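Novice: Structure below; questions to follow.
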Amino acid sequence: MRNAQFTQLYEEVHLRGWRLALYLCGRHEDAEDLLAEAVAHAIRKFDKLRETDKFSAWFLKLMRNLHIDHLRKRKRQLDVADFGGDVMVWERLNRYPMISGPQRNLEAREVFRAVDRLPEGLRTPLLLSTIEDMSLAEVGRVMGIRPGAVKVRIHRARKKLAELLGEDFEVPR
Amino acid sequence: MMAPQIPSNDPLAAARQHLDFEALAKGAPSSKTILFKAQTIVPMVPHKPWERIGKAGAGLAVALVLLFVPLIPTTTRLAMVKVQFENTFTRDKAQEVAYDMARNLPAQMLASAEFAEAPGQAADQHTGRLTLRLASLRLSPEELAEASHDSLDGVADAQPFITPTTAAQQRTWQSIPQAIATRLRKEDNKVSNFPPANTLANEIIGDSRMFGSALAAHLAKSGQHLVSFAFVDDGANALQPADSFLVPAWPRWMSVGVADYDALPRLQQQEIRTDAASFLGGMLLTSSGIVLADRPGQQLPVLLTVADRNGNADPVATRMVQAEFGSLLAEKPPVGKFETESLVNTALKSVLDGLDYKVDYRQYSVFEPGQAEDTYLATITINGKRRTGLKELSMPDDNGRGKEEF
């Protein structure tokens, strides 16, 4: 049955979807709303999905597009920190490790806060690749771009991150 | 407690090692919660077998229903009435009656007039019987008779006798796509002899089934059984089946099949041919108004239509030219095509003096070639100047009521 199939596929992607919603929104309440709305859209469009093995990327892409639509409606891209997003995600680090940079030591939270300041087009591929450990091809499917373009964006994101942190990290290619 | 220090060239990778995924997962709402919340936004589609057809399937089903299920009842009828008068008229008075009736005629009706002079009259009398025939494609014979009565109201002093003569009716059931296809086919089949504004004539001449039914009813009165009918546009090359004959009538030739036609005597065959030809000719499908004829089926030698540069008929100018032509005709009847053309040109010069116009003559034979008189159709197109430049003409008036201006 199609409904049972959807439920099963969603169960598999639920946690990853939740984390992406958190990365995108920054707050629990917003993330939950975004996730539920994305599921609602997915239910509506599920019949058009022919390759169910790509459900994960299809669903994450749908959620991201929905998020961008919301941002466009607000006319400007809000920084997550503007509405206190950092207290929900990055504060949940079990410890606050210090990361030694070339010039000074950084707190891990400080790194994530800098990530939040990246533009969404750079932040999402960076997080999906680094935090979610997704391949360039998978990230490309979520972003709707080619893997080569994902690589370029991740590189730019890292470069920008180093600038924001004021450190001269070696940017991996 | 001192936080550990991690040396790294990739701060994000270092920070990721300490991201508490379990804590993130614990804070996540359950998938059931999200699914429930999502279904408050959009419910999952119930999947019963008959509900799995989908929108495309439903659309296909609707299209099939529209295609095959007869939906629209279409009734068309061709009704004709004959109008006669208890008293006789002079030719001029008959012409005036015919013109006045044409002026009152509703758009959905066509009319023709016949004038039969009584035999053995003195040369200065020339009185006769006027017969009008009216046709409609929409009205029932009763409605047509009523409309005819209204058109004749106050036109003649004499009381008209209105008799329904022919009525053919067709009732068809068509699906919507079939109805559209039929209309498109009729467009393709349109005969260009009429101005586009004359939709009624175009419809009559474009519907061979309806016209055939009416002709069948007409011929049945004289005991003939019509077995086939078709309009033929390329008469010279038309193949004629047995028991049928070709009628080179204006504006479309007809192929008419009558039961046992080939076995009939030649004289009777000729009568049937004349009857069929006069049936079409008697409707006077042209919008040029009414002209008088001396006997059934015979029109004036020229049917005049004045049209503007867009091809729309100008009834007032047409009537003026016809009146002028009629008076010239009475003075000197033409012999042959060239004299007729010359007469038309004289009438035109008189009426359209100073206007830029051109005349397009077409020749049609109402009867079989070589056995009857020819009829010409002259279309006059006013090209440039406004027709307000037309000369004022007077209508023939026996009672001396003075000139009537158009």
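The values are calculated or read from the model by the stated rules, or taken from the named source; none is laboratory data. As the structure is a computational prediction, the values presented were derived from the model and not from experiment. All Cβ positions, even for glycine, are placed from backbone atoms using ideal geometry, and neighbour counts span all protein chains on display. Side chains included, ligands, DNA and RNA excluded: accessible areas come from the protein's heavy atoms. Shrake-Rupley method; radii C 1.70, N 1.55, O 1.52, S 1.80 Å.
Novice: Find how much the distance from B:Lys358 to B:Ala242 grows on full extension, using 0.36 nm per residue of separation minus their present alpha carbon separation; answer in nm with one decimal.
Specialist: 37.4 nm
Novice: To continue, here is another question. Top to bottom by accessible area (1.4 Å), largest first, where do B:Thr165, B:Thr318 land?
Specialist: Of B:Thr165, B:Thr318, the descending order of accessible area is B:Thr165, B:Thr318.
Novice: Compute the distance in nm between two label points, each set 7 Å from the Cα along the Cα-to-Cβ direction, one at B:His149 and one at B:Phe21.
Specialist: Modelled inter-label distance: 9.6 nm.
Novice: Beyond a 32 Å Cα-Cα separation, which of these cross-linked pairs lie in this structure: A:Lys45/A:Lys151; B:Lys82/B:Lys358; A:Lys54/B:Lys26; A:Lys160/B:Lys32; A:Lys45/A:Lys73?
Specialist: B:Lys82/B:Lys358; A:Lys160/B:Lys32
Novice: Could you work out the mean count of beta carbons from other protein chains within 10 Å of each residue's beta carbon in A:37-50?
Specialist: Mean shielding by partner chains, rounded to a whole number: 4.
Novice: FRET efficiency for B:Val65 and A:Leu49, Cβ-Cβ distance as r, R0 = 25 Å, nearest 0.05?
Specialist: For B:Val65 and A:Leu49, the calculated efficiency is 0.25.
Novice: Kindly state, to the nearest 0.05, the FRET efficiency for A:Glu11 paired with A:Leu164, given R0 = 56 Å and r defined as their beta-carbon distance.
Specialist: After rounding to 0.05, the efficiency reads 0.95.
Novice: A further question follows. With labels modelled as points extended 7 Å from the Cα through the Cβ direction, what inter-label distance (nm, one decimal) is found for B:His225 paired with B:Leu264?
Specialist: 1.4 nm
Novice: What average count of beta carbons from other chains do you get within 10 Å of the Cβ of residues in A:10-19?
Specialist: Across A:10-19, the average partner-chain Cβ count within 10 Å equals 4.
Novice: Would you list A:Arg72, A:Arg158 from the most to the least accessible area, probe 1.4 Å?
Specialist: Largest accessible area first, the residues go A:Arg72, A:Arg158.
Novice: On to the next question. List every residue whose amide H lies under 5 Å from the amide H of B:Thr74, counting only residues 5 or more places away in sequence or on a different chain, with H placed 1.01 Å from N in the peptide plane.
Specialist: Residues meeting the amide H criterion: B:Thr172, B:Trp173, B:Gln174.
Novice: If you don't mind, there's one more thing I want to ask. Using amide H atoms built 1.01 Å from N in the peptide plane, name the residues 5+ places from B:Tyr357, or on other chains, whose amide H lies under 5 Å from its own.
Specialist: Under 5 Å from the amide H of B:Tyr357: B:Asn383.
Novice: Still on this structure: What does the charge count around A:Gly144 come to, taking other residues whose C-beta lies under 9 Å from its C-beta (Lys +1, Arg +1, Asp -1, Glu -1)?
Specialist: +3
Novice: Is the shape of region A:104-173 best called rounded, prolate or oblate, per the rule: a/c under 1.5 gives rounded, else a/b larger than b/c gives prolate, else oblate, with a ≥ b ≥ c the square roots of the Cα gyration tensor eigenvalues?
Specialist: Prolate is the answer for region A:104-173, as a/c is 1.5 or above and a/b outweighs b/c.
Novice: A further question follows. Among residues other than B:His225 whose Cβ falls under 11 Å from its Cβ, what is the net charge (Lys/Arg +1, Asp/Glu -1)?
Specialist: Counting the neighbours of B:His225, the net charge comes to -2.
Novice: A follow-up question, please. Take the Cβ-Cβ distance between A:Lys151 and B:Thr40 as r, set R0 to 41 Å, and report the resulting FRET efficiency rounded to the nearest 0.05.
Specialist: 0.55
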